[in-house]
Amino acid sequence: MEILISRKIILALIVLAAISFYLTFIFNSCVVSSISKAIPKWRIHPVVPNEVPLVHYTSVRVVSLLEGNETDISPKYRFFREQGLRPERQLPSALIIGVKKGGTRALLEFIRIHPDVRAAGSEVHFFDKNYMRGFQWYRNHMPATLEGQLTIEKTPSYFITKEAPRRVQLMNPSTKLLVVVRDPVTRAISDYAQAVSKKDDMKPFEQLVFVNGSVGSIIDTSWGPIKLGIYSRYLSRWLKFFPLSQLLFVSGERLVIDPAIELKRVQDFLGLKRVVTEKHFYFNSTKGFPCLFKSEGHSAPHCLGKTKGRSHPYVNPVVLQRLRDFYRPFNNHFYQMTGINFGWA
């Protein structure tokens, strides 16, 4: 009897275990099914050799950098606004202030090759003729620049304008000033040659040099081409408002013979990386002047304007010697003021 009871109990336990296992299996199946529905299904695609995935491009609208009244169409600035960079006009932090017929245009064209330099294309004449128009007018004549770029303006008559030093200082006492100087005798002849090209009925150079037109008389220091060559007179005005360290004197002769050397000095003075080098220049034997392989706005080799490197008229050697003797003490004074001997005879 005891044996039969034990067997019944064992059988009941087995049945209960089977039922429990079945119920557990059903419950787990339902849970797994719910979880599998909640998890994203990852599909495995067969690998197709050399298959190129499709790329969807969004259309990009090119926004013009220029406002309605702007004229600067430099390719370097066409896409900057789209990139979130907005060029703005700034007052110049460097000026080429002179001297006339010394090589100021050449210096401007050479330095503006530098990607960090932007320059006003024409002479603005703000500090001599247009000062009453105000600094906002002056700013509007400057090219748009990005942060880190340098704005330069060139007007050679600033050097001899009495009011210019003080006016420039009021704009910015830290303005860097570049002065391109040249043998005053050669400069005077070049000045005269330019005037003759515009006025055919001018008197000969030899007559205009002297007070009464005679070689034996005194030199006419009131005549512009002669007066402008007394550099020390005008430099003394600038040194009243600016320290010598803020002026760089560029040799007009070396700018022609070896422009890369002078451009190294200019780039160092302006705090620029030396980008403009010998590779940018070639010498045109016909014009007797250095030309550019390429520059902003010109992808092909080109020279400066036809007025650069123009022929000078013949001048009597006696007149040349008189002029050299006249300028010698002024040149020596200029050498002392600048600390540079330019070697003018």
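The values are calculated or read from the model by the stated rules, or taken from the named source; none is laboratory data. What you see is a predicted model, and the numbers here were worked out from it, not measured in a lab. Don't worry about glycine lacking a Cβ; one is built from the backbone with ideal geometry, like all the others, and counts go over all protein chains shown. Just so you know, the surface numbers come from the protein's heavy atoms only, side chains and all, with ligands and any DNA or RNA stripped out. Shrake-Rupley method; radii C 1.70, N 1.55, O 1.52, S 1.80 Å.
A compact table of results
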quantity	calculated
For the range 201-214, 3J(HN,Hα) per residue [Karplus equation, 6.51 cos²θ - 1.76 cosθ + 1.60, θ = phi - 60°, Hz, x = Gly/Pro]	8, 6, 5, x, 3, 4, 6, 6, 5, 9, 4, 10, x, 10
Under-5 Å amide H pairs with VAL315, H placed in peptide plane, nonlocal only	none
Residues with amide H under 5 Å from that of GLY98, placed H, sequence gap 5 or more	VAL180
Rounded percent of accessible protein surface that carbon and sulfur make up, the range 100-250, 1.4 Å probe	49
Heavy atoms of ARG328 accessible to a 1.4 Å probe, total area in Å² rounded to 10	100
Residue-wise HN-Hα coupling along the range 316-329, computed from phi with Karplus coefficients 6.51, -1.76, 1.60 (Hz; x: Gly, Pro)	3, x, 5, 5, 4, 5, 4, 5, 4, 5, 5, 7, 3, x
Environment charge of TRP344, counting only residues whose C-beta is closer than 14 Å and scoring Lys/Arg +1, Asp/Glu -1	+2
Protection proxy ranking, peptides 106-118, 220-232, 270-282, 196-208, average beta carbon neighbours within 10 Å, highest first	106-118, 220-232, 270-282, 196-208
Accessible-area order (highest first, 1.4 angstrom probe) of the listed residues VAL211, VAL256	VAL211, VAL256
Alpha-carbon Rg/Rh ratio, for the range 151-253, with Rh computed the Kirkwood way	1.04
Amide H partners (placed H, <5 Å) of LEU150, local residues excluded	VAL117, ARG118
Links that overshoot a 23 Å alpha carbon limit, given the list LYS162/LYS264; LYS162/LYS273; LYS100/LYS273; LYS100/LYS162; LYS240/LYS273	LYS162/LYS264; LYS162/LYS273; LYS100/LYS273; LYS240/LYS273
Accessible surface, the range 106-201, averaged per residue in Å² (probe 1.4 Å)	41
